[in-house]
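The values are calculated or read from the model by the stated rules, or taken from the named source; none is laboratory data. Worth saying up front: this structure is predicted, and the values here are computed from it rather than measured. Glycine gets a Cβ as well: all are built from the backbone with ideal geometry, and neighbour counts include every protein chain shown.
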Amino acid sequence: MLRWERIRHRVAIAGQVTDAQTNKAIAGVEVAITKGPEAFMGWLRIRASQYGDEWEKMLERPDRTRTAYDGHFHFLDLPEGEYRLHAFFHNASRRYGTAFLDLRVSQAPEDENIITVADLTLTPTCLKGQILDDDDDPIVLAEVRLKYSQESTFSNQEGQYLLNAIEAAEKFERTIIISAQGYQTTSQTVVFNEAGIEENLNFILTKKSNNL
């Protein structure tokens, strides 16, 4: 017999999902409760039976939500107990990996609201490295671009670059094009087999013989 009675509109779990490389907030991430106390999970099964096939199509449920524009999310009215959260992109995007978090929700007195903080980070599929010249000096503002794509970035003062949140595709080669004013353009292929992996590639650019 379930003895949990829902207390309406109390935030029990709240958190933010951020990019592990940039620390920036990520919007549109699905956060789901995949494990919880029987009082809650049993109540969910009853709800699921009431909605039938529509249950799996629901974007927002007591056990499922999506992050807002600032990466924040929350769950309401949860009984105390052990929970597991799973953060991922529902649309099968392979630009990020997934993340899990185990936590405990404590029972709060009637006049208080204890919020369990649940911040998660997603590891992006990314390419990073350093761009140098023949003298091992860093090249500033070298462009790193994915061929046949609008995705690009530029190297910083140390010649370091980060091409972040790339769509992974198993066994599909992506061509990386490196260019900088006064230097010969170079390219290299790389395969991003899995979502959330980090590839490191350093490049050495040769100065053009006739630098006008």
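Yes or no: the stretch 49-59 includes at least one residue that is basic (K, R) and either assigned by TED's automatic domain parsing to the domain that holds A195 or surrounded by 12 or more Cβ atoms within 10 Å (Cβ to Cβ) (or both).
no
Before we move on, is A169 of a type outside the set (F, W, Y), touching a Phe, Trp or Tyr at 6+ places or on another chain (Cβ under 9 Å) and either surrounded by fewer than 16 Cβ atoms within 10 Å (Cβ to Cβ) or at positive phi (or both)? Don't jump to the end; show me each part of the working.
Working: of a type outside the set (F, W, Y): yes; touching a Phe, Trp or Tyr at 6+ places or on another chain (Cβ under 9 Å): yes; either surrounded by fewer than 16 Cβ atoms within 10 Å (Cβ to Cβ) or at positive phi (or both): yes.
Judged against the criteria, A169 is a match.
Does I139 satisfy being touching a residue at least 12 places away in the same chain (Cβ under 8 Å), touching an Asp or Glu at 6+ places or on another chain (Cβ under 7 Å) and farther than 25 Å from N91 by Cα?
For I139, the condition - touching a residue at least 12 places away in the same chain (Cβ under 8 Å), touching an Asp or Glu at 6+ places or on another chain (Cβ under 7 Å) and farther than 25 Å from N91 by Cα - is met.
Sort through E80, E60 and tell me the only one that's more than 14 Å from the chain's Cα centre (by Cα), of a type in the set (D, E) and within 26 Å of I26 (Cβ to Cβ).
That would be E60, the only listed residue that is more than 14 Å from the chain's Cα centre (by Cα), of a type in the set (D, E) and within 26 Å of I26 (Cβ to Cβ).
Got at least one residue in the stretch 190-197 being free of Cβ contacts under 8 Å to residues at least 60 places away in the same chain, more than 22 Å from A87 (Cα to Cα), not acidic (D, E) and not in a loop (DSSP other than H, G, I, E, B)?
The answer is yes, given that some residue of the stretch 190-197 is free of Cβ contacts under 8 Å to residues at least 60 places away in the same chain, more than 22 Å from A87 (Cα to Cα), not acidic (D, E) and not in a loop (DSSP other than H, G, I, E, B).
The rows are residues; the columns are (1) closer than 24 Å to T22 by Cα; (2) not basic (K, R).
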position: A118; (1), (2): yes, yes
position: Q130; (1), (2): yes, yes
position: D136; (1), (2): no, yes
position: Q150; (1), (2): yes, yes
position: L162; (1), (2): yes, yes
position: R174; (1), (2): yes, no
position: I177; (1), (2): yes, yes
position: T186; (1), (2): no, yes
position: I197; (1), (2): yes, yes
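Of the residues that make up the stretch 41-52, is at least one more than 20 Å from R10 (Cβ to Cβ), in contact (Cβ under 8 Å) with a residue 40 or more places away in the chain and in a loop (DSSP other than H, G, I, E, B)?
no
Within the stretch 139-165, count every residue that is in a loop (DSSP other than H, G, I, E, B) and either among the small types (G, A, S) or more than 10 Å from L127 (Cα to Cα) (or both). Don't jump to the end; show me each part of the working.
So in the stretch 139-165, the residues in a loop (DSSP other than H, G, I, E, B) come out as 139-142, 147-151, 155-159, 164-165.
With the extra rule that they be either among the small types (G, A, S) or more than 10 Å from L127 (Cα to Cα) (or both), the set shrinks to 139-142, 147-151, 155-159, 165.
So the count comes out to 15.
Can you run down the residue pairs with Cβ atoms below 8 Å, 6 or more apart or on separate chains, where the first is in the stretch 61-86 and farther than 15 Å from I115 by Cβ and the partner is among the polar types (S, T, N, Q)?
Partner pairs satisfying both residue conditions: T67/Q16; D70/Q16; G71/Q16; G71/T18; R84/T34; H86/T34; H86/T98.
Can you spot a residue in the stretch 154-163 that is of a type in the set (G, A, S), at pLDDT 95 or above and surrounded by 15 or more Cβ atoms within 10 Å (Cβ to Cβ)?
Checked against the condition, which is being of a type in the set (G, A, S), at pLDDT 95 or above and surrounded by 15 or more Cβ atoms within 10 Å (Cβ to Cβ), the stretch 154-163 yields at least one hit.
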